[in-house]
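Reading through the structure tokens given below for one structure.
The values are calculated or read from the model by the stated rules, or taken from the named source; none is laboratory data. Computed from a prediction, not measured in an experiment: that's the story for all the values here. Heads up, the Cβs are rebuilt from the backbone with ideal geometry, glycines too, and the neighbour counts pull from every protein chain shown.
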């Protein structure tokens, strides 16, 4: 008797998916889609592009499941794929900007009626300012900051996702936080 897919580990789901189990890959996707989307949105800064990056990341992961090392966390592996797809999207965006004079798309969110208008404005301005500073960070610093802070990956998982040593991840995180804090003062 086999375990329900929801109770299976990521490694077990990968093994089932490699064996042709579409339900197992669907379970992996459902388990990790929110964190992949958050990472994609943080990396690209664009809601619509984040959906595309999320989809591309899972398609790429499905195609590369045979190369996944089950001794390592799946979350770090899919995060690395997501960051690679986000980098690709950012390169495409840069090329589009060179050849296009259109205004950047903006997304407006409905106001939360439980928050005072003044507080919401100040919070939104602070968030916008912090997001702008993070967006301007070099990729090496931005990626480690997003994985550790936004996605909550451990230092070891972050290092694994980026293909660097734990010490390098720690140093990049320190530098990213230092730049962010100096810019926001």
Among the residues of region 28-38, is there at least one that is farther than 16 Å from residue 75 by Cβ, surrounded by 18 or more Cβ atoms within 10 Å (Cβ to Cβ) and touching a helix residue (DSSP H, G or I) at 6+ places or on another chain (Cβ under 6 Å)? no
Counted residues in region 16-45 being within 12 Å of the chain's Cα centre (by Cα) and either touching a residue at least 12 places away in the same chain (Cβ under 8 Å) or assigned by TED's automatic domain parsing to the domain that holds residue 132 (or both) come to 12
Considering every residue within region 69-76, establish whether at least one is modelled with pLDDT under 90 and assigned to a helix (DSSP H, G or I).
no
Criterion first (touching a helix residue (DSSP H, G or I) at 6+ places or on another chain (Cβ under 7 Å) and at pLDDT 90 or above) does residue 25 satisfy it? no
Checking the structure you have, find out if any residue of region 60-75 is crowded, with 20+ Cβ neighbours inside 10 Å and more than 19 Å from the chain's Cα centre (by Cα). no
Here the residues within region 150-177 that are surrounded by fewer than 16 Cβ atoms within 10 Å (Cβ to Cβ) and under 11 Å from the mean Cα position of the chain (by Cα) are 150, 152
